[in-house]
Each structure stands twice: as structure tokens, then as C-alpha cells.
Amino acid sequence: MVNKDQLKERSQELNIPILEKVPKVVSKRFLNILSEDIARENKTVVFDGGEGIIRVAMVDPSDPQALNVLGFVAGKNNLKTEIYLISEDDLDELLKNYETAEKAIKDVVQSFESDREEAARKEDSKEDSYQKIIQDAPVSKLTKVVIGHAIEGRASDIHIEPSSEGYRVRYRVDGVLHSSLVIPREVGKAIVSRIKILSNLKIDETRKPQDGRFSFAGKMEGDSIDFRVSTFPVVGGEKVVLRILEKGGKVLELEELGLLGRNNEILTEAIKENNGIILMTGPTGSGKSTTLYALLQIINNEERNIVTLEDPVEYSVEGINQSQIKPEIGYTFSSGLRSILRQDPNVIMVGEIRDAETAELAIHASLTGHLVFSTLHTNDAIGSVVRLVDMGIEPFLLASSLRVLAAQRLVRKICQKCKTEEKLPTEFYGKIKTLVHEIEDSEIKKYGIDLSKGIKFYYGAGCEECGNTGLKGRLAIYECFNVDNDARDAITSTDRDRALRNVSNKQKMLSMKQDGILKALLGMTTLAEVERITEGSLTVGGAVEDDKG
């Protein structure tokens, strides 16, 4: 076995650099340039590349056979090569990338064929044969591979759905769905059945939706990851979506989430109150609960009894009494909220206000001396008032109970390893300056932005750290409306929506778009991301392109 000193000597002798940092994940686009058999035989792996070039790791760059194979493949695809020296141990790590779902699929297909032949010989029924297949090791292995890839790739959801080619697997990473692989139809059906078994769902019920959950062992001993499972009948079969819920996930600080400036001040002041309702609004998956957890963590101490009702419990927080609702046994948000009020709480978090009964109970709790946190599905902060009135809640009750209305969306963050200044057309900067000048100077300073140094924007050029996407992780953009005396008068007025908009202008409330632009100026996200999420045009003649990479 070659040690580090010998590897260094070999590198100097051949004048070939050592691959110092072995990538944990290699894109299939590069990996599949050489088949697994050829890669193992020649101890050669293509691990990266760029425009017209591939980067190759070799144990022996002087091996004529390996060089001939590499030269043939590169010439056939009109590619130049960059060769790096690698130890056998590191090569084994790279070769693990070949242990993909495609390989597991072949094992499952072979299992199907052998089991069918055995069933035919024994004259077993088709149902008995199918039950055996979905319990077999190859199907179980493929299910683990699909889940494992999602966890390694930082996915939040796994979609397994029937298509014309079979079953398609897609992962949602940083809010965007990416296709991963297509599984043969019979194999896909077996995986769906396997997931239903793990989730304690009825595998013979395919005509109506089902919901369940199961746990999956993580890489660390004692580590466990929960999956919330939802099945849905579609044309061609059943679609399954798995939401990944990591147990004991870290509750982030407000600044880490992206809550800055006036928005931060409004919410941190509101949570000091003894009563009232703080509402976070936005679509599913926009990070509302995560923000509420961060706020709860600030006031989490021995003097307060904090009780939550959630569906599901996404984070386990020491010192907070968390309860998972179970609608199938009649334990809903509204019934749970009634019980919570008998638990002598100071602070209550209701995962979501879904109906008038829950809304009325939350208002009752706030008016009787409790601080209530909850979420609602609306497009913006002010829209939550209209939504609650539409549910049948009296405006005067809302005026008395609401403290802060906030809305949020999640944008992808620029990878800090490959962050690069973005050059935009001159006329575009004029438009941005107009948008920025609508924001109070004091607010811009709170974000730590110095406009005297000029307006600069950034993008991710793409690197190994972010998988060449230029983006890694997400943060929220916010708007926060403070329910002051003017706002209370607006809530009870006849032209409610217009009156509330006027109050928001008077408050100098930052819109989500403005918050996003300020974060783009800080180099936290791209203008293209802000435009994508806020659905508002920031472009001048198509000046803002999609994220690089």
C-alpha cells in the first residue's frame, strides 16, 4: 500500500498533481463516461469536468492500458483530460459512487425474473409471488438507496410517481424538484408497496389517498430520521411523496433564517407580550414553522409553560411541551387547543389555522391572557386578515387579538465558496436604484449595506461544494406588518384591504421583494431567485439571467 510520502514522490516523478480532496458525490454525467467495470479494472475514475474537459483520478497514470482506454474515450467524445494521482484507498471511495440506484434496479429486475420462474415451477399464485418480491432484499436495498441518495443530497422531499416510461424518482433540493432516475414499472410498484408496508398503510388500497410515517436509521449511531408518507391515486398507479423530517434538527437563530432589520425588531418585540396572536403566513414548505420555532426558542425558559400542537412535530425542543395531532382518532387542532387551555399555558403554538373553529379558539386564548403563535396559508401578510374574515371571524375580535402579521418565502442561497460578482447592463442598475431608494436609509443601514460603495450583485459560478449549481441552502425573505392602533382601525373599517395597505405604507413596511433585493445586495442570494419567488419583474430587457450553473 502506497503511503503519503510515496504518493508525493510519485507525483513529483510524473509531474502529475495529487487529488488532495476526494469528492464525496460525483455527478453521473462524469461518472458514466467510464463504466464501472472499466473504472475498476484500470483503477481510473472520471470525477469532474468543465467545458470540453474531464478531470480523471488514476492510481497509476503511467499504466499504458489505462491511458489507452482514457485516450480512446476522450477522443471519441472530443474531450481534453486533466489527470490527478490518487491512492487506492481514495479510489475505493470514488468507486462507491457507482453503487447507485441503477445497480440496485438491476438486482431487483433479476430478482423479479428468478422469482417469477420459481413461482411458475411451484405454481404459486401471482399475489403470493408479488408479496414475496416486495419483502425481498433487492427491493429493500433499492428503497434504502433511493432514501439514502435523498438524505445525502440534502433533499426535503422524495417523489415517486408513475410515468409513461415506468416510475420516476424526483428529489426536492432547496425548494426545486430534480429528476433522479426512472425505475421499471413493476419495480416501481414494488417500491411503493414496500414504502406502504414501512408506513403501516394498506398495500391493497390503491383507490384513495393514505397518510403514514416511518423512521429510518441515520449514519450516526442512535440517529433517526422520520418520514411523513402520503400516497395519492393517479392515472397509471399511485404516487408517493415522502417528506424528510430529521429528528433533533437544530433550531436556527433569527439572523441565520434571514430575519433582519425592522422585520427582526417587530417580531422580537411582539414575543415579549403576554398575550395576542403572531401569525406567519405563506404556502406549504415556505419555512413558517421553522421561524416560529426560532421565536419560541428565544422565550423558552423555566418561567413559561410553552405548549404546541403540530402536524408533524418537526423539531424536538427541550423545555417545550410538543404534541402531535391525530385527526384519525379525533385529536385535531381545535380539540387539542381546548385541552391545552386546561394545561395552564403561557404560550401556545398551533401548527396551522385551518378552520373557523380553530381560529375562534386561538382568538379566545389570546384574549384570555395567552400569547399564541400560528400559521395561515395566504399570499401576503395583510391578506391573512381578509382570509380570517372570510372564515367568519368578527373584525373587532381580530383587531383586539392580532399583534403581528408576517409573510415569508424561501430563496436559494449563493454558494459562498464560488460567489462571484455579477456584471449587469448599466440600465438595469438605474431600475434597481429606484427600487432601493424607496426603502428608508435607516433600514438599509440596519442590513449593514453601504450604498456609497456602489451597488453590487453576485451569483455562484459553480464548484464541487455546491455540485456546480452555484447555490447551496436556503434562507427566508420576509414582510412584517405591525398591528398598531392605526391597523386596528383599518381592520374594522368597511374598505378593509385598502385601509390596511395605507397603514403598511405609513409604517414603511418592507415588502418581501424589497427584503430580497437587500439580501441580494448583501450577496446572500441572487436577483434571479428574488424574481422567481416574488413573481415580480426585476429584469430590464432580460438582463437578469437564470442562476449560473
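Using the Cβ of residue 228 as centre and a radius below 10 Å, the other residues enclosed give a net charge of -3, where K and R count +1 and D and E count -1. Once you list every other residue whose beta carbon is under 11 Å from the beta carbon of residue 377, what net charge do they have if Lys and Arg are +1 and Asp and Glu are -1? With Lys, Arg at +1 and Asp, Glu at -1, the neighbours total +2.
Average 1/r across all pairs of distinct alpha carbons in segment 436-506, invert it, and you get the Kirkwood radius: 16.2 Å.
Globularity index of the chain is 1.15 (Cα radius of gyration / 2.2 N^0.38 Å, N = number of residues). A P(r) calculated from all alpha carbon pairs of segment 356-510, with 10 Å bins opening at zero, reads 9, 28, 27, 20, 14, 2 percent. Isolated cysteines of the chain, defined as having no other cysteine beta carbon under 4.7 Å away, are 480. Taking the square roots of five times each eigenvalue of the Cα gyration tensor of segment 217-374, the equivalent ellipsoid has semi-axes of 27, 21, 16 Å, listed largest first. For residue 283, what charge total do you get from the other residues with a beta carbon under 15 Å from its beta carbon, if Lys and Arg give +1 and Asp and Glu give -1? Combined, the nearby Lys, Arg, Asp and Glu give +3. Once the convex hull of all Cα atoms in segment 28-99 is built, its volume per residue stands at 75 Å³. By accessible area, using a 1.4 Å probe on protein heavy atoms only, the chain has 47% of its surface on carbon and sulfur. Average 1/r across all pairs of distinct alpha carbons in segment 393-471, invert it, and you get the Kirkwood radius: 16.3 Å.
Probing with 1.4 Å while keeping every protein chain in the model, the per residue accessible area of the chain equals 50 Å². Structure shown: which of 423/506; 419/513; 417/508; 189/326; 423/446; 272/446 lie over 30 Å apart, alpha-carbon to alpha-carbon? The pairs that break the limit, which is 30 Å between Cα atoms, are 423/506; 417/508. With helices as the sole contributors, the chain gives -12000 deg cm²/dmol at 222 nm; each DSSP H run of n ≥ 4 counts as -39500 (n - 2.57), and the sum is divided by every residue.
The values are calculated or read from the model by the stated rules, or taken from the named source; none is laboratory data. Owing to the predicted nature of the structure, the values given are computational and were not obtained by experimental measurement. Neighbour counts run over all protein chains shown; Cβ positions are idealised from the backbone, glycine included. Accessible surface areas use protein heavy atoms only, side chains included; no ligands, DNA or RNA. Shrake-Rupley method; radii C 1.70, N 1.55, O 1.52, S 1.80 Å.
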